[in-house]
There are 2 protein chains.
Amino acid sequence: MKEKATSFDIAHKAGVSQSTVSRALRNSPLVSKETRDKIKAIARELNYKVDKNASNLRQQQSKTLALLLFEDPTSDDSMINPFFLSMLGSITRATANAGFDLLVSFQQFSDDWHADFEDTHKADGIILLGYGDFLEYQDKLQALEEQNTHFVRWGAINESHPGVVIGSNNYQGGKNITRHLISLGHKEFVFIGGADNNCPEFLERFNGFNDALKEAGLLGENQRAKHWDAISTEHSGYNVAKALVESGAKVDAILCASDLIAIGVLTALKDSGISVPGDIAVAGYDNIPLAPFTNPPLSTVKQNTKLAGELLVDALVGQIEGQPVESHLIDAEVVIRHSCGAK
Amino acid sequence: MKEKATSFDIAHKAGVSQSTVSRALRNSPLVSKETRDKIKAIARELNYKVDKNASNLRQQQSKTLALLLFEDPTSDDSMINPFFLSMLGSITRATANAGFDLLVSFQQFSDDWHADFEDTHKADGIILLGYGDFLEYQDKLQALEEQNTHFVRWGAINESHPGVVIGSNNYQGGKNITRHLISLGHKEFVFIGGADNNCPEFLERFNGFNDALKEAGLLGENQRAKHWDAISTEHSGYNVAKALVESGAKVDAILCASDLIAIGVLTALKDSGISVPGDIAVAGYDNIPLAPFTNPPLSTVKQNTKLAGELLVDALVGQIEGQPVESHLIDAEVVIRHSCGAK
DNA sequence: CTGAAAGCGCTTACAG
DNA sequence: CTGAAAGCGCTTACAG
């Protein structure tokens, strides 16, 4: 590797002091346009780049964001939810636009799971992403909060949860797609996926589902809608749907907590010789890129990942800059395809 | 945020010099076990973490790897190939194991696409990932090479291409799955996907396909197998398959350059009332997590992403540490499911 | 085994 | 508008 040029090299060549070089490169109004232009030209010529470590050390910041992605511990390398991949794309973009770099870690939560990113000055703040077990890491979130670490989280918004959260309106999404399913004439509903505090997002989807059913008189005031538990993977969806079919339960519509689950459900129903949507209607949640290509194409709820990524980054950068930032809910949009039985 | 403790704070509390603290924390044999233990205890108590910026500046390194992911420019945020997501998971893990951090950028190649990662000391080396247009960035690779930037690339191995490359044996994979398709009695083969120098990996898959056909006498010595161009997305696969069907061409087996293409092809054939594998057998390449859940389940070629991620990181870290490293080919494994017509 | 000191490459008050 | 100087928090030769 060539020796890297330093600001002193530029200063020498330009016949000015090193301080002036630094100022010129940072577009300080203190240096005359003429000098600045000369310095910039030389910098370009020497392929000079400001040394991040030195700059960061001096400024006591890192201009870097850390992204921590976690999933259910059962999922292996290959099972990361495509939904979060979309998010990742949008987050990298938004991060770059904000002038930050992005450090990524997919590690499962370990003891020092916030990975000391901020403590070591590797990152100015942390973005938390995943459909993990919320109860498991709630305490850790609390700890982050107490250390005044800058962080934002993608998830369900709940007053009692620590930190700033960006999330989509899971309740509304669950309710709207269920209303649609009801309008199609389906009567016997089952929800497949987690519906407890371990995954508050799924729980909200379930709550919307539940309330839509009540609203339509399909469920008594004190009843709770039928619910089969599953984690957010195709395999889990497959197995649970198989079990559901074998149980002989009466069902003509299934809402899944995620598209991944729905894909497993679709395959299981097909393997059981059950027609979708003829015998049973199926809907998912997330609108992953593959949803239009399932068989039949999957009706689902779209979360705006582009907006989400931008809001996440904005909120985090705002926090870092000391601005007041608030949690924010994004509208969820029902996407009708064929698996729900619509024509 | 609490004031962060520095090594001086620890030194003060421990009654030793700051140098000794630094040594103790780095497990230098120069400091007595007793002193070291005391220092470490205090460090833990104060929640002390070495400041990365200072440490890196001093050591002139960053202990960070940069991952650049690029895809066909037509693909939007949500279309990142799930195959690379698997890879990403494996790379983050391997990077962490090697004691490095991972900086991620999904940006399309811009003029300064190597993003000055190494120039600015943000990263010690770069990992390049993607099924992008090879011809477009070959020059940039050359430039990287000339600047002695440390980098490794996932892709096709070719003597004339710059840099160290880790890749799977695309030729063998393409050949083996085609042989399997042939053994099932299929005769009229079409390859869907890029098969030119823009994407050398796909070209190699095509070459394996082509040679398997010749080997079986399904193709004359001077003939080239039938090939319909497509980029690596479901939509492109869908559109091309539609066009193929409408062309009236005789075909009973399709090998797709990627699973994403295959998924689009499957949907297109279904929409055209063509049965898979009854009328036409279909196979993909990559074995993305969803391959078992397509309808019918997709026969494909698996690339060992776990191994790939590890080799990529090993090769890059080796380079950084000045060891000689070489390009490496990983075996590809045929995965039989139902779309190919096997029982 | 330990300490005093230099220095990594910047940014930024301070003085002019 | 510009320069000389301090200092960010470490690591590591040098001296003991």
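Nothing in this text is a laboratory measurement; each read-out follows from the coordinates by a stated rule. Because the structure is a prediction, the values reported are computed rather than measured. Virtual Cβ from ideal backbone geometry, glycine too; neighbours counted across all protein chains shown.
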Label-point separation in nm, B:Asp139 to B:Lys214, each point 7 Å along Cα→Cβ: 3.4 nm
Radius of gyration and Dmax over the Cα atoms of the stretch B:167-208, both given in Å: 10.7, 32
Rounded if a/c under 1.5, otherwise prolate or oblate - the stretch B:170-303, Cα gyration tensor axes: rounded
Built amide H within the under 5 Å cut-off of B:Glu188, gap 5+: B:Asp252, B:Ala253
Efficiency of FRET between A:Ser28 and A:Asp196 - r from beta-carbon atoms, R0 51 angstrom, step 0.05: 0.35
For A:Gln223, inter-copy label distances in nm, listed shortest first [label point 7 Å out on the Cα-Cβ vector]: 6.4
Principal-axis tilt of helix B:259-271 within chain B, Cα atoms, nearest 10 degrees: 40 degrees
Sorted by Cβ neighbour density within 10 Å, fewest at the top, the residues A:Phe8, B:Phe191, A:Phe100: A:Phe8, A:Phe100, B:Phe191
DSSP beta bridges in chain A [antiparallel fraction, %, rounded to 5]: 10 percent
Nonlocal amide H pairs with B:Ile330, under 5 Å, H built at 1.01 Å: B:Gly167, B:Ser168, B:Asn169
Exposure proxy order (Cβ contacts within 10 Å, fewest to most) of A:Ser22, B:Ser28, A:Ser339: B:Ser28, A:Ser22, A:Ser339
Size-normalised alpha-carbon gyration radius of the stretch B:7-50, reference 2.2 N^0.38 Å: 0.95
Charged-residue dipole, Cβ positions (Lys, Arg, Asp, Glu), chain B about Cα centre, Debye nearest 20: 1660 debye
Net lengthening on full extension, A:Asp331/A:Thr6 (0.36 nm per residue, minus Cα-Cα): 112.1 nm
For the stretch B:213-267, the Rg and Dmax computed from alpha carbons only, in angstrom: 12.2, 34
Chain B, relative contact order [Cα under 8 Å, separation at least 6], %: 16 percent
At 0.890 mPa s and 25 °C, Stokes D of chain A from Kirkwood alpha-carbon radius, µm² per second: 109 µm²/s
Beta bridges per DSSP with both ends in the protein assembly as shown, % antiparallel, nearest 5: 15 percent
Residues A:Glu215, B:Glu321, sorted so that the one with the fewest Cβ neighbours within 10 Å comes first: B:Glu321, A:Glu215
Amide H contacts under 5 Å for A:Asp196, placed H, 5+ residues apart: A:Leu203
Computed over the protein assembly as shown, Cα set: Rg, Dmax in Å: 27.5, 86
Cross-link pairs beyond the 29 Å C-alpha cut-off, checked among B:Lys13/B:Lys52; A:Lys175/A:Lys250; A:Lys140/A:Lys175; A:Lys242/B:Lys270: A:Lys140/A:Lys175
Whole-angstrom gap from the stretch B:1-52 to the stretch B:135-164, using each part's C-alpha centre: 43 Å
Extended-chain gain in nm, criterion 0.36 nm per residue less alpha-carbon gap, B:Lys270 and B:Asn239: 9.9 nm
Other copies of A:Gly273: label-to-label distances in nm, shortest first, labels 7 Å along the beta-carbon direction: 2.6
Principal-axis tilt of helix A:82-97 within chain A, Cα atoms, nearest 10 degrees: 20 degrees
Degrees, to the nearest 10: A:33-45 long Cα axis against longest axis of chain A: 70 degrees
At 7 Å out from Cα toward Cβ: A:Glu159 inter-copy label distances (nm, ascending): 7.3
